[in-house]
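What follows draws every value from the coordinates through simple rules; no lab data is involved. Quick caveat: nothing in here was measured; it's all calculated off a predicted structure. Note that we place each Cβ from the backbone using ideal geometry, even for glycine, and neighbour counts take in every protein chain shown.
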Amino acid sequence: MTKYKVIALSVGGLNKKIYNSNDIVTAENFPEGNISGLVSGGFLEEIIEKPKKEESSKNEKFDKKKVGE
């Protein structure tokens with residue numbers, strides 16, 4: 001599910017719910033088909049999550065160190 005950040009001062013959603021600046025919302029918070037207009041109108045911006053690095057790659061750095069370095 002795509003998430004969006006409110007970048008306008010506030011935006012009205014379903015059931016008269018008001019979302020304020022920096023709130024995180026999804027398309028389900030708005031009437032069907034409205035999300036694209038809110039993004040193109042500069043009210044919302046899509047949040048693009050960066051992939052997380054694997055934990056094993058972090059541990060490899062410590063495993064390769066020699067004692068006393």
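Distances between placed amide hydrogens fall under 5 Å for D23 paired with V6, all partners being 5 or more residues away or on another chain. Distances between placed amide hydrogens fall under 5 Å for L44 paired with I7, V39, all partners being 5 or more residues away or on another chain.
So the label point goes 7 Å from the Cα of E46 along Cα→C-beta, right? Which residues of segment 1-25 then have their backbone N under 20 Å from it? In segment 1-25, the label zone of E46 (backbone N under 20 Å from the point 7 Å along Cα→Cβ) covers 1-8, 22-25. With neighbours defined as other Cβ atoms within 10 Å of a residue's Cβ, the residues K53, K5, K17 order from fewest to most as K53, K17, K5. 3J(HN,Hα) along segment 12-26, derived from phi through the Karplus expression 6.51 cos²θ - 1.76 cosθ + 1.60 where θ = phi - 60°, amounts to x, x, 5, 6, 6, 7, 9, 10, 8, 3, 6, 5, 9, 9, 10 Hz, with x in place of Gly and Pro.
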